[in-house]
Amino acid sequence: MSAILGLEDVSYAYRGSHPGQLAVEGVSLDVVPGQNLGLVGESGSGKTTLLRMLLGLLRPTSGRVIFDGAPLDLRDRGQVRHFRRSVQTVFQDPYSSLDPRQRVGRIVGEPVRSLRIASGRAAEKMVAEALESVGLSAAVVSHYPHEFSGGQRQRIAIARAIVSRPRVLLADEPVSALDVITRSQVITLLAELGSRRDLTVLMVSHDLGVVGALCERTVVLKAGRIVEEGPTPQVFGDPSEPYTRQLLSAVPRLPQV
Amino acid sequence: MNLLEVASLEVTSPDGVARVKDVSFTVAPGERIGLIGESGSGKSLTAFAIIGLLPSGVTAAGSIVLDGTQVVGAPEKHLVPLRGRVCAFIFQEPLTALDPLMKLGRQLAEPIARHQGLRGAELRRAVLEALEEVRLSDPERMAESRSYEISGGQRQRVAIAMALACRPQLLIADEPTTALDVTVQSEVLTLLDRLVADRGMALIFVSHDLAVVSRMTDHAIVMRAGEAVERGSIAQLLAAPKHPYTAAFAESARRIEADFAAAIDQGRDG
Amino acid sequence: MSTIDDREALAQVDLLEPPSLNARARRRRSLVLVAGLLLVGTIVLVALVSLAWLPYEPSDTSGSRLEAPSLAHLLGTDRLGRDLLTQIMVGARIALVVGLGAVAVGAAIGVPVGLAAAFAGGWVDDAMSAAMDILIAFPLLLLAMLIVAVTGASLLTVTVAIGISVSAVVARLTRVVAKRVLAQQYITAARTSGTGSLGIVWQHVLPNIWPTISVNLGLLFGIAVLAEASLSYLGLGAPPPNSSWGRLLQEAQSTVMTAPLGAIAPGVFLVILVIGVNLLVDGLRDVSDPTLARAR
């Protein structure tokens, strides 16, 4: 199966940084349909920069972002629109990723409007269906974000991300800001959506436990480079890199009972 | 005699809602206890109440006796001698606990000077020793730095050094590693564990992460919506929870851990 | 092991927290709004009525000079024999027109400039901010006077001049608040939803900067009214016969000891209008902000 989205030898240097000081260096990866991918990295690993490039918000300093086999050209509006329909995002902070002055219906419907997928009643139907997919009643459309808990807001954000029926969902630490019980629920939701809606998830996280729960493949980032990659069981159970081993042993474990 | 006795603690926010309801527990010298709960459970407010640091508008009722002194309703001048000397606090976000304008050496010198009465070269040496004790490499450079110039893990170590400077009997740590990377978290927890053990301090460890709490304490109180719903050894809370919330909480933590462990096992065997 | 009870416990954890309204805050909000509406409403009413009916012609000097209040002249007369009440009523019109007009001009210039600077970032932003700061450094009245000196004094030029003078303040505030909004994740989310920059400004930035900007504009309304009154007081406002409250104050200056009402009346009306607008803007902002319905 060919990759929907990928990075080809991508590097990024922030403006004003010293020459040779790259936030991301020589990264290549593929998002293959049906194989959730976990991007693991601590602060300073370059995962945020990578994500922004994958989202088309940042142009690589060198290398290319590949979408459906073709290089992503941010100036090509047609391609960008097609790209945005297929690749959507869930952000980390459920408190700042929803516009506090808009009602939920408008928030979830934004991709439908902006990408000109549908309008009027058809759009409303898509919004209702997306909300129901995430376990929220369609009646929430007339409420404001501040009326909901963190977990519910994250569901709303997920509903917004899936309303355009994308093929890839990029999730940036989607559960880090959530409580433990909610975290478990949202992970289940993401897994279900993956199988039900033919959706592949690329998740950026520092939390190995969450990556292990959701992703078939894992890539480990350190200082802007990929240090290890492979099927998740292999990376977790038989890592070749000392850094990966260090990461794994640092994960707090529940006592055996 | 117990170091800390909390009885029927109630904490109310400015809008009149009780955020902590009828919470009671005791901490003996050298004893460790965890406060587990999600956001809104009241665990942090309980911690703040013990040391008399509730935000303005938030009031406490009931009884908190810390080393023989009643904290609830006590005027500041009764509480100041307790802070640092009897009970120290470590915050979640070290950036807010440290003054960004002051060099770290100076910030650390202040409580040390106050407690040990040192000055000049002796004080300087004590500061450097304190920084070494929290395993900070290059303590001289650290003392000359400011809080925003160093990493999160280093900041938290400095915060720990400051908290321990007055040799408190009780340490309250409120989600001290939540904002840190996982490898750094592991190191800071190890450090904290060792220091608390070496000095025979009592510890109240507040967190939403059951696995992290289990690294630091054997016993915990589970809080939910302001109430202490269950308490016991962590093993017991995991294996035989009595309250449905504890069960749900433990189940969620276990489920994620199980997936993680399964991936590891699969990789090892495969 | 999860049982049915556990699932219910799980569901309860995720409950919708009811918005808890602080009763005292709610009462205060509506009080402020009502007070503002009353005060401003009074002035607006006076202005509207003056369009349809005035006790006398504004230029009518038939009354005896500096009369005390009587049934014929409810507020007395000024030193030219004109009915003071008539002057005040016409003055209300002028105050409102200049105030609103100046704020409109200030916003029309300031908000787009501020938004442009916020979006542009980099050296363009720096250059624009420097320009704004230079303009702000000019005393407001001085700037307005300079413009009026060049263009000649009329109600229109005074309004526009004051508007231009306050636009830099509007621009700077817009820039700061817009930048704060642009840093939020929901803006990034809008971009990845395919919304273009114009759409982001219209749907997300403007509604979120409005609460702060509106309060600022309300304050500027008061400043504009006072600026116009000051200009008229100095004789630099719209030429006579205009009944700007400022001009009335100036004309009453010489006789303030013998006929104080001539100065007190316009002064009181100025105060009512300015305070009323500030209260109104505060009250409106509280009412329109959905997040304020929930006490923290």
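Bear in mind that the values in this text are calculations on the coordinates, not laboratory data. None of these values were measured; they are calculated from a predicted model. So basically every Cβ, Gly included, is an ideal-geometry build from the backbone, and we count neighbours across all protein chains shown.
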Inset, instruction - Summarise the long-distance tail of P(r) for region A:79-136 by giving the % of C-alpha pairs beyond 17 Å. - result: 45
Legend entry - Separation between Cα centres of region B:168-237 and region A:9-55, rounded to whole Å: 34
Legend entry - Taking N as its residue count, the alpha carbon Rg of the protein assembly as shown over 2.2 N^0.38 Å: 1.16
Legend entry - In sequence order, calculated HN-Hα J values of region A:78-83 (Karplus, 6.51, -1.76, 1.60; Hz; x Gly/Pro): x, 5, 5, 5, 4, 4
Inset, instruction - Please work out how much length the chain gains when fully extended from C:L74 to C:V176, using 0.36 nm per residue of separation minus the C-alpha to C-alpha distance, in nm with one decimal. - result: 31.8 nm
Legend entry - Over chain B, relative contact order from alpha-carbon pairs under 8 Å, at least 6 apart, %: 25
Legend entry - Scaled radius of gyration (Cα, divided by 2.2 N^0.38 Å) that chain A gives: 1.01
Inset, instruction - Compute the distance in nm between two label points, each set 7 Å from the Cα along the Cα-to-Cβ direction, one at B:D22 and one at A:R103. - result: 4.1
Inset, instruction - Can you tell me the 0 to 90 degree angle between the C-alpha axis of helix C:206-233 and the longest principal axis of chain C, rounded to 10? - result: 10
Inset, instruction - Please work out the Cα center distance from region C:65-123 to region A:97-131, rounded to the nearest Å. - result: 44
Legend entry - chain C - convex hull of the alpha-carbon atoms, volume per residue in Å³: 193
Inset, instruction - Please report the relative contact order for region B:94-167, taking Cα pairs under 8 Å with a sequence separation of at least 6, and give it as a percent rounded to a whole number. - result: 48
Inset, instruction - Round to a whole angstrom and tell me the spacing of the C-alpha centers of region A:57-71 and region C:187-224. - result: 32
Legend entry - Net charge of Cβ neighbours under 12 Å - reference A:M203; Lys, Arg +1; Asp, Glu -1: -2
Legend entry - Cα Rg, Dmax (largest Cα-Cα span) when computed across region B:94-167, Å: 10.9, 30
Legend entry - Computed FRET value (nearest 0.05) for A:R197 with C:W202, which takes r as the C-beta separation and R₀ as 45 Å: 0.90
Inset, instruction - Rounded to whole Å and sorted largest first, list the principal axis extents of the Cα atoms in region B:132-233. - result: 47, 27, 21
Legend entry - Full-extension gain in nm, C:A137 to C:V34, via 0.36 nm per residue minus C-alpha separation: 33.5 nm
Inset, instruction - Would you kindly derive the ³J(HN,Hα) couplings of region C:255-261 from the backbone phi angles with the Karplus curve 6.51 cos²θ - 1.76 cosθ + 1.60 (θ = phi - 60°), listing them in order in whole Hz, with x for Gly and Pro? - result: 10, 5, 6, 8, 9, x, 4
Legend entry - Inter-probe distance in nm under a simple model that places probes 7 Å from Cα toward Cβ, at A:R81 and B:A74: 6.9
Legend entry - region B:192-242 - Kirkwood radius from inverse mean 1/r over Cα pairs (Å): 11.9
Inset, instruction - Please determine, in degrees from 0 to 90 and to the nearest 10, the orientation of helix C:122-137 with respect to the longest principal axis defined by the Cα atoms of chain C, where the helix direction is its Cα long axis. - result: 30
Inset, instruction - Give the relative contact order (percent, whole number) for chain A; include only Cα pairs under 8 Å separated by 6+ residues. - result: 25
Legend entry - CD proxy at 222 nm, helix term only [per DSSP H run n ≥ 4: -39500 (n - 2.57); per residue of the protein assembly as shown; nearest 500]: -16500 deg cm²/dmol
Legend entry - In order through region C:44-61: 3J(HN,Hα) via Karplus (6.51 cos²θ - 1.76 cosθ + 1.60), integer Hz, x for Gly, Pro: 4, 4, 4, 5, 5, 4, 5, 6, 9, 8, 10, x, 9, 5, x, 8, 6, 10
Inset, instruction - For region C:99-142, state the semi-axes of the equivalent ellipsoid (square roots of 5 times the eigenvalues of the alpha-carbon gyration tensor), sorted largest first and rounded to whole angstrom. - result: 22, 15, 4
Legend entry - Convex hull volume of region C:190-250 per residue (C-alpha atoms, cubic angstrom): 100
Inset, instruction - Return the long-range amide H neighbours of A:V24 (sequence gap of 5 or more, or a different chain), with a cut-off of under 5 Å between placed amide H atoms. - result: A:Y12
Legend entry - Cα gyration tensor category, rounded, prolate or oblate, for chain B with a/c compared to 1.5: oblate
Legend entry - For A:T89, distant residues with modelled amide H under 5 Å away: A:L170
Inset, instruction - Between A:E8 and B:T96, with labels modelled 7 Å along Cα→Cβ, what's the label distance in nm to one decimal, could you check? - result: 4.7
Inset, instruction - Report, by chain and number, residues whose modeled amide H sits under 5 Å from the one on B:R83, excluding near sequence neighbours (fewer than 5 apart, same chain). - result: none
Inset, instruction - Considering the convex hull of the alpha carbon atoms of region A:44-195, report its projected area averaged over all viewing directions, in nm², one decimal. - result: 9.9
